1. Within the stretch 99-113, is even one residue out of contact with any Leu (no Cβ under 9 Å at 6 or more places or on another chain) and small (Gly, Ala, Ser)?
2. Checking residue 134 against (1) hydrophobic (A, V, I, L, M, F, W, C); (2) over 19 Å from residue 52 (Cα atoms); (3) crowded, with 17+ Cβ neighbours inside 10 Å; (4) in contact with a Leu (Cβ under 9 Å, 6 or more places away or on another chain), which test does it fail?
3. Name the one entry in 117, 152 that is away from the ligand (no atom under 16 Å from the Cβ) and either touching a residue at least 24 places away in the same chain (Cβ under 8 Å) or out of contact with any helix residue (DSSP H, G or I) (no Cβ under 7 Å at 6 or more places or on another chain) (or both).
Amino acid sequence: MPDPKCPCCNSKDLMGVHSTVEDLAAYRCEKCSITIHLPAEKETLDMMLLDEYQHAAHETALPVCRTLAYPALKLAGEAGEVAEKVGKLYRDCNLPPDSTWDDVPDEKKTELVKELGDVLWYISEISTQLGVGLSVVAACNVRKLKSRHERGTLHGDGDNR
Ligand SMILES: [Mg+2]
């Protein structure tokens, strides 16, 4: 496991602190006044590039992103923009309801990629504000889905199945 880095300032000058998040170690960056959570698992190492993206994305964040509501509302808005573009594919490109992504014209794929980037930006920034590396978010998600796949619980309801 490499030295943990702050997702805000990239500093490795962190202090280990008591973790309040199950299965994650916690570190404190005094410079940014945030607590960072990291799992000590190999799958996180494979996703460290996400943390580099997260750092670059955070450099473009406005102060209003420190509020709880703003980035969450914007994330929902950007996800809505993805859905809006898909909706317009049906309306303007006359795609049938059972179309696949292969049916999407290239220029529309480019537009969708840009919107997905906007969604990613807000996911990244919320992760930064939570003091969690984007690699941790990704690794935790993969771990959860692998577990559900192995236990045959991908279908069904509930966050903790
Ligand atoms: Mg957008």
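Bear in mind that the values in this text are calculations on the coordinates, not laboratory data. Note that the structure is a prediction, hence the values are computed from the model and not measured. Counting neighbours? That spans all protein chains shown, and the Cβs are built from the backbone with ideal geometry, glycine included.
1. No, there is no match, as no residue in the stretch 99-113 is out of contact with any Leu (no Cβ under 9 Å at 6 or more places or on another chain) and small (Gly, Ala, Ser).
2. The number of the failed condition is (2).
3. Working: 117 fails: away from the ligand (no atom under 16 Å from the Cβ).
Result of the check over 117, 152: 152.
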